[in-house]
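Visitor: Below is a structure I'd like to ask you about.
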Amino acid sequence: MTTYAFYPGCVAKGGAPELYQSMVAVGEKLGFSLSELTGAACTGAGVISERDPLAGDVVNTRTFAMAEQLGHPIMTICSTCTGVMAQVASRVNRDEAYRREVNQYLTDEGLEYRGTTEVKHLLWVLVEDYGLDRLKELVVRPLAGVRLAPFYGCYIVRPSSAVDPLTAGREGYLEQVITALGADPVEEYRGKDKCCGFPLLETNKKSSLALTGKRLDEAREVSADALVTPCPLCHLNLDGQQPDTPSASTAPSMPILHLPQAIGLAIGIAPERLGLGRHIIDTKGFMAKLAVAG
Amino acid sequence: MDVQLKVRRQNPEAEGTPYWKEYALEVPDHFTLLDALIQVREEVDETLSLRCSCRSHICGSCSMRVNGHANLACKTKLSDIHSDTVTVEPMGNMPVIKDLVVDLEPFWKKLYSIDPYLQPAGEVPEREYVVPADSMLHLDGVVNCIMCGACVSDCESLSVNPIFIGPTAFAKEYRFIMDPRDAADTQRLMQMNGPGGVWDCTHCFQCVEVCPKDVAPMDRIMAMRKMLVDDGLAEKHNGARRQKAFTDIVGRYGRLDETRYLMKSVTMVELAGYAKVGLRSMTHGKLPPLRPHRIPDAARIRRIFERTRSTQRRRFKLHQQAQEGSPV
């Protein structure tokens, strides 16, 4: 089994602790070898690069150099971290002169990036490295009878010049994983690759919540029982802000699962260990439906 | 090759509600979607309405949604589409006139609202303006815009915020702000600072993804946000606050701390509105730790921020150069 330089991201260690908790539990059960990059900094989530593009590139190249020293690919559990890193990699891996310029800022730490670090989200690791057949073998409690709609998060699908989901065949990975877990992946869900509104929260809260509500309404339209997301920032809005979305008072609530939580449920990890009680939108109804269906 | 087109049809003038119509065709392998739609109109169903002109992706007339995403029909080769059925819809965020023809009036109004023409300072020179090549070359991508509307069609912010100026007009505004001959850059930036301006972009990359000419409108929006902050025009705006808060916190801890970030990014009044969210998070064990994790050597991150900022250059403007008398 490949060892991964594990990059959990700030939100898994902050506002969505249940993501980190569930990843660790699932990683153990799947037999993942994870070496956490405790010294790596935040990717900037698109905000640092907005203020200073070079700083964003240097900070992420620093992380790539750390993983390169360890000789491991990076594994992330956040679409936004993945996308930001992929965008930086598309610049520093392809352009040697630029990499030299960026490396100048790392020499005082004794770091130099040679352009070889691969960055993969857990979702990509599962399908490309671990294998869905192997995952299926571990499923002890198929999520049969529930409709789990995929919610990718913008950064893991766009811009394709950096993440290129089509060429890599990554377009339907989330649906494939959901199917492997025994649930119905709600293929017709229109919101799957659209915006959750999170990046607008501080600058235009009304639009932010309107976008969140739109994605939830689209999920209700196709009778999804819950959404599954590989992005904790999307989770912050879809779950954390859901009570404040326009249709919240009249529409049924929509539970939002982190990807490792959905996997954990299917491979027999107790819901408490997956942090399912740490959601703003109660997951009990969903769990009851799962129990009835199971 | 056999193709199955599923076209969203509508005739609002006849008070018709939208409906789907399917067409099965046999077409040569080299056919574009536009070729196929013209074949439908000429041989199968003459009532199908669509716009097109040049058929070689330069006029920007035939934008529509293909399998959910905006593109030029003439640039879409049917052999490159792998789905069994090709779904064709009119562009989004614009009223439908009939079938695949949308009303572009709102699109043009937004574009005119940013004064899309050069506004130089001083006397018009007798001969041409002379500018250094490298002050114009970087506009290469953004001047390729053909006004097809694809970015506006798929803009997520616009879908919930009708006053949002939108990606085409932003890209055009950037084009003039960065033009060394234009002297209205401060007014232009100030216009971008208000409601519907650059801070209302949700950073979803849809416009970058669907643009058939690689104009990358969102990248231009982000560049204008930076200019607003660098020029000191956005100090009271949450957009500038959040940029500063983010870099300050990551510069201090190496990581983001969501609580501090929110407290520093919004006004006190707005912060009160988040009390409920904070309480909800606390009762669900989701509140980030009060003392955030600090990575070892966090000071190095701050040092990186300081050093990279010192390398940044100002925009080059002809009229300022004339006043300052510095050489080109």
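Visitor: Residues in region B:143-159 that are crowded, with 24+ Cβ neighbours inside 10 Å and either part of a helix (DSSP H, G or I) or assigned by TED's automatic domain parsing to the domain that holds residue B:66 (or both): how many?
Guide: Selection size over region B:143-159: 7.
Visitor: Tell me, which helices (runs of 4 or more DSSP H) lie completely within region B:224-324 with 3 or more residues that are closer than 27 Å to residue B:195 by Cβ and within 30 Å of the chain's Cα centre (by Cα)? Before the answer, list the steps.
Guide: Numbers: elements: B:238-253, B:258-265, B:268-273, B:275-283, B:298-309, B:318-324.
In region B:224-324, B:238-253, B:258-265, B:268-273 are the helices (runs of 4 or more DSSP H) which contain 3 or more residues that are closer than 27 Å to residue B:195 by Cβ and within 30 Å of the chain's Cα centre (by Cα).
Visitor: Separate question: Quick one: is residue A:203 within 14 Å of another protein chain (Cβ to nearest Cβ), over 20 Å from residue A:77 (Cα atoms), in contact (Cβ under 8 Å) with a residue 24 or more places away in the chain and surrounded by fewer than 24 Cβ atoms within 10 Å (Cβ to Cβ)?
Guide: no
Visitor: What number goes with the only condition from (1) assigned to a strand (DSSP E or B); (2) among the basic types (Lys, Arg); (3) crowded, with 18+ Cβ neighbours inside 10 Å that residue B:21 does not pass?
Guide: (3)
Visitor: Quick check on region B:277-328: of everything there that is of a type in the set (Ser, Thr, Tyr) and farther than 30 Å from residue B:130 by Cα, which residue is surrounded by the most Cβ atoms within 10 Å (Cβ to Cβ)? Break it down into steps so the answer makes sense when it comes.
Guide: Kept after step one, since they are of a type in the set (Ser, Thr, Tyr), are these residues of region B:277-328: B:281, B:283, B:308, B:310-311, B:326.
From what's left, farther than 30 Å from residue B:130 by Cα: B:281, B:283, B:308.
Numbers: B:281: 21, B:283: 10, B:308: 19.
Restricting to residues being of a type in the set (Ser, Thr, Tyr) and farther than 30 Å from residue B:130 by Cα, the top hit is B:281.
Visitor: Can you name the number of the only condition in (1) within 14 Å of chain B (Cβ to nearest Cβ); (2) in contact with a helix residue (DSSP H, G or I) (Cβ under 6 Å, 6 or more places away or on another chain); (3) farther than 23 Å from residue B:275 by Cα that residue A:244 fails?
Guide: (3) is the only condition that residue A:244 fails.
Visitor: Any idea which of B:113, B:135 is under 23 Å from residue B:320 (Cβ atoms), assigned by TED's automatic domain parsing to the domain that holds residue B:208 and of a type in the set (Ser, Thr, Tyr)?
Guide: Working: B:113 fails: under 23 Å from residue B:320 (Cβ atoms).
Among B:113, B:135, only B:135 is under 23 Å from residue B:320 (Cβ atoms), assigned by TED's automatic domain parsing to the domain that holds residue B:208 and of a type in the set (Ser, Thr, Tyr).
Visitor: Right, next: From the list A:95, A:57, which one is more than 14 Å from chain B (Cβ to nearest Cβ) and of a type in the set (Asp, Glu)?
Guide: Being more than 14 Å from chain B (Cβ to nearest Cβ) and of a type in the set (Asp, Glu) holds for just one of A:95, A:57, which is A:95.
Visitor: Do any residues in region B:291-305 that are of a type in the set (A, V, I, L, M) have Cβ atoms under 6 Å from those of residues that are at pLDDT 90 or above and surrounded by fewer than 17 Cβ atoms within 10 Å (Cβ to Cβ), where the two are at least six apart or on different chains, and which pairs are they?
Guide: Taking only residues 6 or more apart or on different chains, the pairs are B:295/A:39.
Visitor: Pairs under 8 Å by beta carbon, first residue over 16 Å from residue A:207 (Cα atoms) in region B:150-161, partner among the small types (Gly, Ala, Ser) and part of a helix (DSSP H, G or I), six or more apart or different chains?
Guide: That search, which allows pairs on different chains as well, returns B:151/B:171.
Visitor: Among all residue pairs at least 6 apart or on different chains, which show Cβ distances below 7 Å where the first residue, located in region A:258-281, is free of Cβ contacts under 8 Å to residues at least 60 places away in the same chain and the second is of a type in the set (Gly, Ala, Ser) and in a helix (DSSP H, G or I)?
Guide: A:280/A:240
The values are calculated or read from the model by the stated rules, or taken from the named source; none is laboratory data. Because the structure is predicted, anything quoted here is derived from the model rather than measured. Neighbour counts run over all protein chains shown; Cβ positions are idealised from the backbone, glycine included.
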